[in-house]
Amino acid sequence: MIINKVNQPIKVGVLGFGGLGQAAARLLAPKGEMIWVAAADRQGYAYNALGLNPNTAIKTYHDRGSLGYLDADGTLSAHSIQDLVTNHSVDGYFLALPNLPNTFMADVAKQFIKSGWQGVLVDALKRTSAVEQLLELQKDLQAAGITYLTGCGATPGLLTAAAAVAAQSYAEIHSVNITFGVGIANWEAYKATIREDIAHMSEYDVETARSMSDEEVSALLDKTNGIIALENMEHADDIMLELAGICDRDRVTVGGVVDTRNPKKPLSTNVQITGRTFEGKTSTHTFTLGDETTMAANVCGPAFGYLKAGIALKRRGITGLFTAAEIMPQFVK
Ligand code: NAD
């Protein structure tokens, strides 16, 4: 069993307390190997070394807009991440933050490096160009004593790792095609996710999507009947599979459909890995996620599996940047 100090659960923090951050807190509640001790949002943070209560935290966030208002455990702060990281003890953080602008996550990583904090960081970044910025921090992360696992959500993440495993049947990989279906009841529950998806639509980019008001996003979704259909997205699955030595990035494609008005998935999320075996046969492996699994389950589950794997690496003195395609996630009990 991988635990931080003998018989001590891993103390976990969640940065960003929107759709994914809240799901992360609920997912961790029944776990014995990890304890959720900290979370930060834009206006404040909460910390309790014995564990935070997800129900009261989520209620406070909804009713008052920030965890900073949480009785006893909350602190309001305009520099919530910095204050939390420098003042409290946490073994590893899941960065469930919007990557808006596209440089935001790399800036947060730099903030961690500067702070002197040592531990494990896991993100669910999506864009290739965002992962490329982190690659530039490889040496700095290593020197700082931080083990950082990037692209550890669903796609990139679970599906990329599945592709890396499936590739082993082949002598050469012809293509990796990822198609995702996401169904959510309302877009406001996952504002950053939806804005970042809009940024992939033709005539939009990260800056235009970031600067859209909530009303403008709602008006756009009215026009599309709540559907966002995307193809040939800039998704880091490509660079992750290239770095892992599976195939060139131009053989990886990602697209999907998001329904922002219906929790039922519009299509089954899957990854198809086509290649040639050593005997010269061409074949396709398909890995399909169960339709009942939500985006939250398929992002937060892997994120903590990779966080546990990162803790194991860190305990062996291995620091620096890794992607979800080169490390096997561990199951968190
Ligand atoms: P959200 O909009 O619901 O919540 C964002 C949270 O971050 C809010 O609590 C907000 O207060 C907080 N925040 C914003 N700026 C902050 C700052 N400067 N300091 C501290 N907190 C800050 O976000 P979401 O929809 O849960 O998405 C989170 C991220 O997860 C997005 O970047 C999204 O693209 C990514 N994501 C990845 C995958 C995947 O499969 N890889 C899937 C879905 C979402």
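The values are calculated or read from the model by the stated rules, or taken from the named source; none is laboratory data. Treat the numbers as computed from the prediction; the structure is a model and nothing was measured. Don't worry about glycine lacking a Cβ; one is built from the backbone with ideal geometry, like all the others, and counts go over all protein chains shown.
So, in the stretch 107-149, how many residues would count as being part of a helix (DSSP H, G or I) and either under 23 Å from residue 301 (Cα atoms) or in contact with a Lys or Arg (Cβ under 6 Å, 6 or more places away or on another chain) (or both)? Step through it out loud before you land on a result.
Initial filter on the stretch 107-149 (part of a helix (DSSP H, G or I)): 107-115, 128-135, 138-144.
Keeping just the survivors that are either under 23 Å from residue 301 (Cα atoms) or in contact with a Lys or Arg (Cβ under 6 Å, 6 or more places away or on another chain) (or both) gives 108-109, 128, 130-131, 134.
Result for the stretch 107-149: 6.
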Original post:
In the stretch 247-264, what residues are touching a strand residue (DSSP E or B) at 6+ places or on another chain (Cβ under 6 Å) and crowded, with 17+ Cβ neighbours inside 10 Å?
Top reply: 247, 251, 252, 253, 254, 256, 257, 258, 259
Subject >> Within the stretch 104-117, considering residues that are more than 20 Å from residue 324 (Cα to Cα) and in contact (Cβ under 8 Å) with a residue 24 or more places away in the chain, the one nearest to the ligand (Cβ to nearest atom) >> reply: 111
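Only strands (runs of 3 or more DSSP E) wholly contained in the stretch 3-85 count here; list those with 1 or more residues that are touching a residue at least 60 places away in the same chain (Cβ under 8 Å) and away from the ligand (no atom under 11 Å from the Cβ).
Details: elements: 10-15, 34-40, 44-47, 74-76.
Once the strands (runs of 3 or more DSSP E) in the stretch 3-85 are filtered for at least 1 residues that are touching a residue at least 60 places away in the same chain (Cβ under 8 Å) and away from the ligand (no atom under 11 Å from the Cβ), what remains is 10-15, 34-40.
Which one of 161, 143, 185 is surrounded by 18 or more Cβ atoms within 10 Å (Cβ to Cβ) and among the aliphatic types (A, V, I, L, M)?
Result: 161 is the single residue among 161, 143, 185 that is surrounded by 18 or more Cβ atoms within 10 Å (Cβ to Cβ) and among the aliphatic types (A, V, I, L, M).
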Original post:
Among the residues of the stretch 39-68, which ones are small (Gly, Ala, Ser) and surrounded by 24 or more Cβ atoms within 10 Å (Cβ to Cβ)?
Top reply: 39, 40, 44, 46, 57
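Can you confirm whether the stretch 265-280 contains a residue that is at pLDDT 95 or above, out of contact with any strand residue (DSSP E or B) (no Cβ under 7 Å at 6 or more places or on another chain) and either buried (at least 18 other Cβ atoms within 10 Å of the Cβ) or basic (Lys, Arg) (or both)? I'd like the intermediate steps shown before the answer.
Residues of the stretch 265-280 that are at pLDDT 95 or above, as a first pass: 265-280.
Still in the running and out of contact with any strand residue (DSSP E or B) (no Cβ under 7 Å at 6 or more places or on another chain): 278-280.
Adding the requirement that they be either buried (at least 18 other Cβ atoms within 10 Å of the Cβ) or basic (Lys, Arg) (or both) leaves none.
Within the stretch 265-280, none of the residues are at pLDDT 95 or above, out of contact with any strand residue (DSSP E or B) (no Cβ under 7 Å at 6 or more places or on another chain) and either buried (at least 18 other Cβ atoms within 10 Å of the Cβ) or basic (Lys, Arg) (or both).
So that you can scan it fast, the table gives a plain yes or no per residue for (1) in contact (Cβ under 8 Å) with a residue 12 or more places away in the chain; (2) among the polar types (S, T, N, Q); (3) out of contact with any Lys or Arg (no Cβ under 6 Å at 6 or more places or on another chain); (4) closer than 17 Å to residue 181 by Cβ:
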| position | (1), (2), (3), (4) |
| --- | --- |
| 266 | yes, no, yes, yes |
| 275 | yes, no, yes, no |
| 279 | no, no, yes, no |
| 288 | yes, yes, yes, yes |
| 297 | yes, no, yes, yes |
| 316 | no, no, yes, no |
| 321 | yes, no, yes, no |
| 325 | yes, no, yes, no |
| 332 | yes, no, no, no |
**OP:** Could you list, in sequence order, all residues of the stretch 122-140 that are touching a strand residue (DSSP E or B) at 6+ places or on another chain (Cβ under 7 Å) and buried (at least 24 other Cβ atoms within 10 Å of the Cβ)?
**Re:** 122, 123, 124, 125, 131
Original post:
residue 148 versus (1) within 14 Å of the ligand (Cβ to nearest atom); (2) within 17 Å of the chain's Cα centre (by Cα); (3) buried (at least 17 other Cβ atoms within 10 Å of the Cβ): which is the lone unmet condition?
Top reply: (1)
